[in-house]
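Some notes on the structure that comes next.
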Amino acid sequence: MKIVLIGGTGLIGSKLKQRLEGAGHEAVAAAPATGVDTLTGEGLAEVLTGAQVVVDVSNSPSFEDQAVLAFFQTAGKNLLAAEEAAGVRHHVAVSVVGADRLPDSGYLRAKMVQESLVDASPVPFTILRSTQFFEFLGAIVSGGDDGDAIRLPDALLQSVAADDVADTLADLAVAEPLQGTVELGGPEALPFVEFARRWLANRGDERTVTADPNAHYFGTRLQTDSLVAGPEARLGRVHLADWLGTPAALR
């Protein structure tokens with residue numbers, strides 16, 4: 001099949017491209033760097049010609065509330081309209097576990113708008129809601145650094161390896177559309193502070209990490225299990241201890 005990967009030059013897209021090509025599919029990375037811009041529509045008609053499947057792993061360049069909303073609204077409408085015109089048979093989108101439970105987060109509200117556009121489109125679809133990636137633990141730690149200590153939400157995190165996300169997307173892309181949502185989480189749910197302490201220790205960083213019930217995540221407070229995948233979720237295979245032994249953990 002010809003499978004177009006929107007945002008296909010990024011972390012997940014590049015891993016997904018390798019897997020799909022290894023399985024014998026034509027996987028085409030579509031991003032501004034390759035001449036495809038979902039915000040303007042430039043290059044969409046051309047890259048979607050002959051495509052059976054589209055996997056959207058793109059993300060907003062800004063996480064500011066209005067900017068991220070505008071990105072997912074505009075890019076989503078342009079992409080889905082172009083897919084309908086091209087006769088695409090399956091749209092796969094990546095969203096976030098907990099997006100439907102955290103309306104105070106501007107980013108997660110925007111992801112729900114993206115999901116609504118996908119659901120309303122005539123293009124058959126599957127939505128994968130994933131937990132946060134191990135590869136973003138550094139950004140989470142940095143976001144909680146107040147100078148004296150690192151303060152993170154007093155809640156559970158169920159991070160998953162980018163490799164597991166790519167594996168799951170590769171399976172979903174070649175399967176029949178679910179017309180619904182599937183969740184993916186890591187194999188273990190641990191407190192934010194535990195993920196952070198182990199990530200820091202792996203780098204020889206001795207900074208103090210504290211659980212703070214007032215700390216925010218993507219602009220919102222969390223309940224204990226706000227970011228934990230449901231009982232029917234798929235689970236990744238890579239544990240934190242294993243991932244910390246890879247070169248990706250030190251980047």
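The values are calculated or read from the model by the stated rules, or taken from the named source; none is laboratory data. Keep in mind that this is a model prediction, so the values were computed, not measured. Heads up, the Cβs are rebuilt from the backbone with ideal geometry, glycines too, and the neighbour counts pull from every protein chain shown. Calculation scope for accessible area: heavy atoms of the full protein, side chains included, ligands and nucleic acids excluded. Shrake-Rupley method; radii C 1.70, N 1.55, O 1.52, S 1.80 Å.
Values computed for the structure shown
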quantity	calculated
Packing rank of 65-71, 106-112, where each peptide gets the mean count of other beta carbons within 10 Å, highest leading	106-112, 65-71
Computed lengthening from Ser62 to Asp37, 0.36 nm per intervening residue step minus Cα-Cα distance	7.4 nm
Percent accessible area from carbon and sulfur atoms, segment 77-201, protein chains only, probe 1.4 Å	48
DSSP beta bridge pairing in the chain, given as percent antiparallel to the nearest 5	10
Asp242/Ala149 FRET efficiency (R0 25 Å; Cβ-Cβ; nearest 0.05)	0.35
Sites Leu250 and Ala211 - FRET efficiency at Förster radius 30 Å, r taken between beta-carbons, to 0.05	0.75
Ordering of 197-204, 180-187 by burial proxy (mean other Cβ atoms within 10 Å per residue, highest first)	180-187, 197-204
For Ser116, solvent-accessible area (1.4 Å; no DNA, RNA or ligand), Å²	70
Cα gyration tensor category, rounded, prolate or oblate, for segment 150-251 with a/c compared to 1.5	oblate
Cβ-Cβ FRET estimate between Gln18 and Leu235, R0 fixed at 30 Å, reported to 0.05	0.85
Surface per residue (accessible, 1.4 Å probe) for the chain, Å²	45
Helix runs (DSSP H) in the chain reaching 20 Å along axis by Cα, Kyte-Doolittle at least -0.5	65-86, 106-120
The chain: most fluctuating residue of Val97, Val55, Val113 per GNM, C-alpha cutoff 10 Å	Val113
Estimated 222 nm signal from helices in the chain, with DSSP H stretches of n ≥ 4 weighted -39500 (n - 2.57), rounded to 500	-10500 deg cm²/dmol
Those trypsin sites (Lys or Arg not before Pro) in segment 8-108 that DSSP places in a loop and that have at most 10 other beta carbons within 10 Å	none
Ranked by how many other beta carbons lie within 10 Å on average, peptides 205-218, 25-38, 154-167 from highest	154-167, 25-38, 205-218
Proximal aspartates and glutamates relative to Lys77, as straight alpha-carbon distance under 15 Å, when same-chain residues fewer than 8 apart are discounted	Asp37, Glu42, Asp56, Glu115, Asp119
